[in-house]
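What follows is one structure encoded as structure tokens, with my remarks underneath.
FYI, it's all coordinate maths here, none of it is from the lab. Keep in mind the model is a prediction, meaning the values are calculated, not measured. Note that each Cβ is placed from the backbone with ideal geometry, even for glycine, and that neighbours are counted across all protein chains shown.
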Amino acid sequence: MYDDNNIFAKIIRSEIPCDKVYEDDNVLFFYDINPVAKVHVLGIPKIKCANFADFIEQTNEQTIKNFFNKILDVVKMLGLKENGFRLITNNGPNGGQEVPHYHVHIIGGEPLGSKVR
Ligand code: AMP
């Protein structure tokens, strides 16, 4: 069940601000408010999916492909492709997911090692 009042839904609706990296009709990328590394960006599709499982099960291949292509575009835009980066998705309580709108963390800008997992 998707909660329309979750914080990322409010960011999509511009009800609360974010530090935007990239936006189009389908996706939004913005800086995490509590970064765990030099670069920490969140990517979200503009659809009502609470988590990764819902995103895969409730959307279609084109939506999924477009979202991941946009992640790579943003990785390049941030200059992270050459030296590497980490993508993280937390799903559900055991995954430590805090915000119930599907999102991917893009983390990099420094050697991460086992620091952020
Ligand atoms: P997760 O635990 O995967 O659900 O991650 C949620 C992330 O959202 C955390 O890294 C938070 O720091 C981040 N976050 C929460 N509120 C905001 C906000 N208003 N703007 C940017 N990032 C946020």
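What to note about this one:
- Looking only at region 48-85, and only at residues there that are in contact with a helix residue (DSSP H, G or I) (Cβ under 7 Å, 6 or more places away or on another chain) and assigned to a loop (DSSP other than H, G, I, E, B), the one that is farthest from the ligand (Cβ to nearest atom): Lys81
- Pairs meeting the criteria (first residue in region 61-87 and at positive phi, second residue surrounded by fewer than 11 Cβ atoms within 10 Å (Cβ to Cβ), beta carbons under 9 Å, at least 6 apart or on different chains) are Gly84/Pro111.
- Filter result (within 11 Å of the ligand (Cβ to nearest atom), part of a loop (DSSP other than H, G, I, E, B) and either within 16 Å of Arg13 (Cβ to Cβ) or acidic (Asp, Glu) (or both)) within region 26-47: Asp32
- So Ile11, is it within 9 Å of the ligand (Cβ to nearest atom), within 17 Å of Ile107 (Cα to Cα) and hydrophobic (A, V, I, L, M, F, W, C): no
- Qualifying residue in region 1-20 (condition: of a type in the set (Ser, Thr, Tyr), in contact with an Asp or Glu (Cβ under 8 Å, 6 or more places away or on another chain) and in a loop (DSSP other than H, G, I, E, B)): yes
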